[in-house]
Amino acid sequence: MIKRIDRKALRIKKHKSIRKTVIGVTDRPRLAVFRSLHHIYAQVINDELGVTLAAASSLDPEFKAANLSGGNTAGAQKVGELVAKKALEKGITQVVFDRGGNIYHGRISALAESAREAGLSF
C-alpha cells in the first residue's frame, strides 16, 4: 500500500515551527502570507496586541480592477504592492516576513519582492 503525504499537515507543522521565532511587535509587525490555489492574502499583524494593521488580497476591489488572477506571480506582485502601500499609509516601514510554512518560491517570493520594491524593508 502506498503511503499518502498530507501536504497541508506538513505546511502547518512548518508554520508552527516558524511562528516560534517570527513574532510581530509594535516596532516590526509581521507580514503574514497565506496562499490558496486561486487566491493569495497578506496581512501586517501586531502580535502583541493581536491586531491586523493592514491587509490586502486577491479579492480586494483594487486588485479586481487590475483584472489579474490571484493564482499566478503577477497577481502576487500586485497584492505585495497593495499591502505595502496600505502599510506605508499607516506609517509602517519595517516588518518581519512570515511565509506561512510555504517554500520561498514562486508567488511567495513575488509578493515579498514587490513589497520590498514598494517601500517595506525586511
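Based on DSSP, what percent of beta bridges with both residues in the chain are antiparallel, to the nearest 5? Here the share of antiparallel DSSP bridges comes out near 75 percent.
In a reduced charge model with +1 at each Lys and Arg Cβ and -1 at each Asp and Glu Cβ, the stretch 5-122 shows a dipole moment near 560 debye about its Cα centre. What a 1.4 Å probe finds exposed on the stretch 1-97 is 54% carbon and sulfur by accessible area, rounded to a whole percent. Under 10 Å, Cα contacts only: if you run a Gaussian network model on the chain, which one of Asn67, Asn46, Asn102 comes out with the highest mean-square fluctuation? Looking only at Asn67, Asn46, Asn102, the biggest GNM fluctuation is shown by Asn67.
Computed FRET efficiency, Cβ-Cβ of Arg116 and Asp6, R0 35 Å: what is it to the nearest 0.05? Write out the running numbers ahead of the final one.
Working: r = 33 Å, r/R0 = 0.93.
That gives a FRET efficiency of 0.60.
Ordering Asn72, Pro61, Leu82 by Cα displacement along the dipole of the stretch 1-91 toward the positive end leaves Asn72 in first place; charges were set at the Cβ atoms of Lys, Arg (+1) and Asp, Glu (-1). Note the listed values (1) 41, 37, 27; (2) 55, 36, 21; (3) 62, 22, 19, then indicate which one is Cα extents along the principal axes in Å calculated from this particular structure. So the structure-derived entry is (2). Measure out, as a whole number of angstrom, how far apart the alpha-carbon centroids of the stretch 67-122 and the stretch 14-37 sit. When both Cα centres are located, 13 Å separates them. Counting only protein chain heavy atoms and rolling a 1.4 Å probe, the accessible areas of Phe63, Phe122 rank, largest first, as Phe122, Phe63. Placing unit charges on the Cβ atoms only, positive for Lys and Arg and negative for Asp and Glu, gives the stretch 74-122 a dipole magnitude near 100 debye about its Cα centre. Lys90 sits with roughly 140 Å² accessible to a 1.4 Å probe, with DNA, RNA and ligands left out of the calculation. Note on Tyr104 and Leu59: the model spin-label points, each 7 Å out from Cα along the C-beta direction, lie 2.9 nm apart.
The values are calculated or read from the model by the stated rules, or taken from the named source; none is laboratory data. Because the structure is a prediction, the values reported are computed rather than measured. Using ideal geometry, Cβ is built from the backbone for each residue, glycine included, and neighbour counts are taken over all protein chains shown. Accessible surface is based on the protein model in full, side chains and every heavy atom, while ligands, DNA and RNA are left aside. Shrake-Rupley method; radii C 1.70, N 1.55, O 1.52, S 1.80 Å.
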